[in-house]
Amino acid sequence: MARAYMADAAKASGEWDGTGSRTRREGSRVPRMFARWGGPGAWRRGWLLAALAVLLGLALFLHAEVPNAVGNLGSLWETFLPWGGALVPVLALLAVLRRSLLALVALLLPALVWLNLFGGQFTSKSGTGGDLTVVTHNVNAENPDPARTARELAGSGADIIALEEVAGSQAAQYDKGLAGEYRHHKRVGTVGVWSKYPMRDAETVDIKMGWPRAMRATVATPKGDVAVYAAHLPSVRLQFASGFTAGQRDGSAEALGRAIAQDRTERAVLLGDLNGTMNDRALAPVTSQMRSTQGAAGDGPGFSWPASFPTTRIDQIMVKGLEPVSSWSLPSTGSDHLPVAASVEF
């Protein structure tokens with residue numbers, strides 16, 4: 001009698017499995033939850049999300065083909081290209097909410113492309129040692145404490161330091177702050193090079209801006225001469241009417257590339273704020289003939305701007321005829337950029 005009553009109660013509550021034993025309500029819910037993903041609907045739902053996933057994968061893989069005709073969209077996409085991967089988990093969450101197996105499978109394309117392009121950048125490839133350590137830093141013309149910035153750079157241990165955006169009113173403070181460690185220096189306009197080793201043939205490099213923002217000097221290191229370039233390419237702007245404006249930056253990159261190509265010195269280092277990433281096609285006149293120390297021997301992605309929350313690397317160290325050993329970002333000095341450093345060997 002009692003057993004019959006319990007069976008009737010179990011049937012009424014949905015816990016009767018038809019064999020005379022009770023099943024757990026919680027256990028019966030799990031297959032029902034997954035059953036909602038089953039059937040042909042799982043492959044029909046979310047086709048729009050799947051299409052977006054495929055488009056994202058193509059935009060990552062074929063980033064050089066994204067046109068610049070409208071608002072320099074291609075260069076803008078390439079500037080922040082590593083962050084394109086952040087769209088993958090967003091689309092994945094939407095696919096889960098939509099219960100679309102089709103969209104989840106399609107997301108494998110952008111995920112694999114991103115890993116192929118940038119997975120290695122988020123690991124350390126840095127070695128130890130090196131014959132020459134260099135630093136470049138956009139110190140910000142409105143730096144509230146240039147003396148602090150100079151002091152911290154002097155303590156970096158670098159053999160050569162290049163500065164960009166040195167305001168005329170602050171130049172003397174950088175000269176004074178770096179003089180103790182760096183006996184040899186030369187400033188041209190708003191850029192300068194400070195070196196522990198003798199320096200000669202310092203001259204302006206014309207990057208078609210109308211005023212000096214790039215220079216070249218020969219530094220006589222113990223291992224041999226190195227041509228050192230310091231450059232600050234024009235800024236790019238995001239404007240509502242014209243989009244991502246970078247025409248002047250692109251023209252200056254071409255002029256800088258020509259100057260480096262014509263340099264007969266066997267070894268060269270480019271230090272500067274190029275206002276573009278290594279992925280940006282507009283910097284090809286330079287990047288096609290030099291090697292990024294961060295790409296070859298970087299410790300993580302090496303983002304340098306903005307200093308408060310770095311999201312991209314527009315400050316670059318590139319070499320020709322030298323082997324990168326390590327490359328990294330330095331702590332904030334009060335500028336809106338982080339300094340970046342590298343060690344190389346001959």
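FYI, it's all coordinate maths here, none of it is from the lab. The structure displayed is predicted, hence computed values, not measured ones. Using ideal geometry, Cβ is built from the backbone for each residue, glycine included, and neighbour counts are taken over all protein chains shown.
Some notes on this structure:
- A simple spin-label model places the labels of Glu254 and Trp43 5.2 nm from each other, with each point 7 Å out along Cα-to-Cβ.
- Amide hydrogen neighbours beyond the local backbone of Thr221, cut-off 5 Å, H modeled: Val226
- Taking the inverse of the mean reciprocal distance over all distinct Cα pairs, the Kirkwood hydrodynamic radius of the stretch 132-345 comes to 16.9 Å.
- Out-of-range pairs (alpha-carbon distance over 28 Å; input Lys176/Lys320; Lys125/Lys186; Lys186/Lys208; Lys176/Lys208; Lys125/Lys176): Lys176/Lys320; Lys125/Lys186; Lys176/Lys208; Lys125/Lys176
- Whichever aspartates and glutamates have a C-alpha closer than 17 Å to that of Lys223, once near sequence neighbours (fewer than 8 apart) are set aside: Asp131, Asp159, Glu266, Glu323, Glu345
- Amide H to amide H, with H built 1.01 Å from N, Ile314 comes under 5 Å of Ser304, Trp305, counting only residues 5 or more places away or on other chains.
- Placing pseudo-labels 7 Å out from each Cα toward the beta carbon at Arg281 and Asp225 gives an inter-label distance of 3.8 nm.
- The stretch 102-164: C-alpha gyration tensor shape, a/c 1.5 cut-off, then a/b vs b/c: oblate
- For the stretch 144-188: rounded, prolate or oblate by the Cα gyration tensor [a/c cutoff 1.5]: oblate
- Multiplying the residue separation of Leu108 and Ala172 by 0.36 nm and subtracting their alpha-carbon distance yields 17.5 nm.
- Evaluated at q = 0.15, 0.25 Å⁻¹: base-10 log I(q)/I(0), Debye formula over Cα of the stretch 36-122: -0.58, -1.13
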